[in-house]
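First up is the structure itself, then whatever we jot down about it.
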Ligand code: SRM
Ligand code: SF4
């Protein structure tokens with residue numbers, strides 16, 4: 001075992017630690033001898049005694065924060081140590097606080113849990129609730145001294161935070177539309193729940209630390225799940241461990257699963273480590289599942305070895321084999337995933353480096369049989385289910401948008417109070433959607449007017465047509481001030497970005513246009529920007545990398561278009577792209593589909609030659625024929641300067657690199673030059 005002598009500035013163990021570590025690694029089928037430099041978190045996990053220490057000890061200390069080692073283990077319990085970055089003062093202790101994340105398979109939140117979360121956020125948190133992009137809730141702003149009460153209250157209200165974060169299977173996603181007459185939806189929820197149970201950490205640490213050992217049962221797990229957990233396929237379990245599937249090193253990294261039904265891509269299925277698609281027969285009876293694997297979005301700027309990746313179809317399994325198959329995939333990543341570099345530890349890198357065939361063969365080795373071919377599926381679509389709908393059993397459901405993902409009261413808009421009153425009065429359950437909306441369901445039609453009145457009284461608009469679709473289909477991650485990894489703003493800046501984009505579209509005669517916009521404060525990809533039609537990925541203060549070309553149904557990766565767009569330049573940089581789209585789109589083509597079809601090079605080429613005053617088809621022709629010097633009527637009326645062809649070529653190259661119109665770049669350069677010269681020559 002180790003001493004607590006981690007070098008916290010390094011991501012690696014010291015050599016002495018590695019030596020001590022090597023003989024102890026108990027992983028099954030570990031193909032690489034573990035004498036390599038394991039990431040320091042591997043040691044933290046092993047030393048933790050199945051997630052107990054140092055959290056248990058440090059929780060009793062009268063401090064406002066945990067040590068680095070405890071914060072790593074705390075994540076497995078569903079909490080991140082954060083600080084309010086708005087309150088940072090140089091030389092002073094950080095304003096420490098904790099974020100708690102629920103584990104809510106398929107986004108299901110029973111009424112008593114919602115009311116508890118609402119109350120906890122008022123009493124101990126920052127008075128808001130954050131709906132996450134994986135169908136959970138986050139409460140921000142909890143002080144260390146209140147952590148235990150908060151977690152205990154959640155568990156006693158049928159909730160859990162165990163495995164909300166950390167190197168384990170995260171919240172399992174499922175389509176939120178609460179249809180009661182479509183059996184495939186029922187199967188998706190059932191298997192999302194069961195897989196969440198199957199892969200839930202089995203350690204007693206959670207109940208010991210937060211509930212003084214009292215085991216509160218928040219729903220019995222199905223007997224077949226229990227049996228499947230204990231069933232050791234070909235090395236899927238680790239013998240004699242408190243964690244039969246994970247062992248004492250848990251997963252190399254976070255692991256994400258979604259279950260969905262054919263045609264419904266509300267779960268962003270291509271971005272998951274594993275996606276299961278329910279396959280039913282003509283009578284609606286469950287037959288089995290199509291399996292996709294190897295999706296993931298996290299990346300780091302300027303580190304080409306990190307990238308967003310779409311999941312690949314792997315095959316199909318019968319329903320009776322699904323738990324063994326999921327365990328076989330988990331065991332493959334557990335035993336072969338990279339435990340040296342955490343940046344390279346997600347399962348997508350195994351798929352990328354091995355290819356599908358080798359990955360499938362390894363999974364089959366653990367599974368003990370061969371997968372059958374992936375079944376044909378209809379095209380995936382995305383629907384948000386906002387507004388009133390029949391749910392198929394005589395009752396109604398209501399989809400409500402949560403702008404920027406934050407449930408709060410602000411001025412006359414009181415979403416938080418409205419939801420509290422609805423749930424208090426009518427005791428209704430809800431499902432959180434993966435797109436920062438929520439669906440209240442099981443509504444007696446006779447109560448529709450009561451709900452409508454509450455919403456009206458609190459300024460909450462639910463008519464989907466009254467919401468700008470740019471806003472409706474957008475997402476932003478929390479970023480500043482709570483996220484420790486944020487480079488710049490996301491949640492707090494998205495309203496103004498969308499307002500500016502809408503104004504620009506209106507100006508260009510694209511009033512009816514809308515597309516999927518997603519924004520993050522850093523490249524980790526929490527609001528899944530790389531699947532969006534237009535994305536802004538934080539790369540500096542008020543500076544964003546721009547991605548173009550995802551599809552409206554999130555079935556294709558976007559491509560990086562420009563590395564550094566300063567928010568001040570938003571209109572200047574987007575206008576030519578929108579004009580190119582307006583003039584060059586095919587009938588009914590969406591913005592993302594257009595960008596993907598023409599490609600970023602063609603867009604850059606167009607942008608360079610774009611003149612704002614000549615936003616016409618002429619400009620398109622120029623780009624298409626590549627004749628930058630073609631004179632338009634508008635240009636004739638403006639002063640013109642001649643430059644040498646070699647200088648022109650260099651300016652054009654620089655403008656293309658920066659995706660800026662030539663005129664813009666030359667004006668900037670000349671302004672800077674004149675400014676410097678004026679300063680130098682002033683007395
Ligand atoms: Fe995330 C880390 C928030 C979904 C990829 N994510 C974080 C942390 C915990 C920052 C940290 O490590 O200190 C963020 C906390 C911010 C805050 O103040 O609350 C954070 N992630 C979120 C949430 C709340 C964003 C949201 O707008 O809702 C989502 C919580 C989901 C949940 O309920 O479990 C959230 N994160 C995602 C997703 C989308 C998804 O899962 O569908 C992704 C991309 C998909 C993927 O995993 O590939 C995502 N988050 C990351 C990464 C990059 C992982 C990687 O493979 O490199 C990090 C950083 C890390 O893990 O080192 C991260
Ligand atoms: Fe934080 Fe980056 Fe995730 Fe946004 S994308 S929440 S800034 S880690």
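Only the coordinates and a few stated rules stand behind these numbers; no lab work does. Model, not experiment: these values are computed from the prediction. When we count neighbours, we look across all protein chains shown, and the Cβ atoms used for this are built from the backbone with ideal geometry, even at glycine.
For all pairs of alpha-carbon atoms in the range 280-372, what percent lies in each bin of width 10 Å, listed from the first bin to the last filled one? The percentages, shortest bin first, are 16, 44, 26, 11, 3, 0.
Using only Cα atoms, tell me the angle between helix 662-681 and the longest principal axis of the chain; keep it within 0 to 90° and round to the nearest 10. With rounding to tens, the tilt is 80 degrees.
Going by how many other Cβ atoms sit within 10 Å of their own, how do 102, 236 line up, fewest first?
With the sparsest Cβ surroundings first, the list reads 102, 236.
The Kirkwood radius of the range 405-451, taken over pairs of alpha-carbon atoms, gives through the Stokes-Einstein law at 37 °C and 0.692 mPa s a diffusion coefficient of 282 µm² s⁻¹. Calculate the length of the line joining the C-alpha centroid of the range 119-151 to that of the range 173-193, in whole Å. Centre-to-centre (Cα) distance: 27 Å.
Its relative contact order, with pairs defined as Cα atoms under 8 Å and 6+ residues apart, puts the range 225-368 at 24 percent. Per-residue Cβ neighbour counts within 10 Å put 483, 477 in the sequence 483, 477, beginning with the fewest. Relative to the longest principal axis of the Cα atoms of the chain, helix 600-609 runs at roughly 30 degrees.
Hey, any idea what the orientation-averaged projected area of the convex hull of the range 184-229's Cα atoms comes to, in nm²?
Working: hull surface 14.5 nm².
Directional mean of the projected Cα hull area for the range 184-229 stands at 3.6 nm².
The rule of thumb for compact globular proteins, 2.2 N^0.38 Å, goes into the C-alpha radius of gyration of the range 478-520 1.41 times. Residues 674, 276, 419 in ascending order of nearby Cβ atoms (within 10 Å, fewest first): 674, 419, 276.
Using bins of 5 Å that start at zero, the share of Cα-Cα pairs per bin across the range 204-286 amounts to 3, 10, 11, 15, 22, 18, 12, 6, 3, 1, 0, in whole %.
Take each peptide in 441-447, 424-430, 50-56, count the other Cβ atoms within 10 Å of every residue, and average; sorted highest first, the result is 50-56, 424-430, 441-447. Taking the convex hull of the alpha carbon positions in the range 98-212 and averaging its projected area over all directions gives 7.2 nm². Using only alpha carbons, the range 518-585 has a radius of gyration to Kirkwood radius ratio (Rg to Rh) of 0.97. For the range 220-268, the spread of Cα coordinates along the three principal axes comes to 42, 28, 24 Å, biggest extent given first. What's the angle, to the nearest 10 degrees (0 to 90), between helix 147-156's Cα axis and the longest principal axis of the chain? Roughly 70 degrees, rounded to the nearest 10. Distance from the alpha carbon centroid of the range 544-579 to that of the range 444-473 works out to 31 angstrom. Each of the peptides 177-186, 407-416, 546-555 was scored by the mean count of other Cβ atoms within 10 Å over its residues; in descending order, highest first, they stand as 546-555, 177-186, 407-416.
How large is the translational diffusion coefficient of the range 500-614 in µm² per second when you combine the Kirkwood radius over alpha carbon pairs with Stokes-Einstein at 10 °C and 1.306 mPa s?
On the way: Rh = 14.1 Å.
It diffuses with D of about 113 µm²/s by this estimate.
For the chain, the fraction of alpha-carbon pairs lying more than 38 Å apart is 39 percent, rounded to a whole number. For the peptides 327-337, 38-48, residues were scored by their other Cβ atoms within 10 Å and the scores averaged per peptide; the highest-first order is 327-337, 38-48. For the range 233-331, the fraction of alpha-carbon pairs lying more than 22 Å apart is 41 percent, rounded to a whole number.
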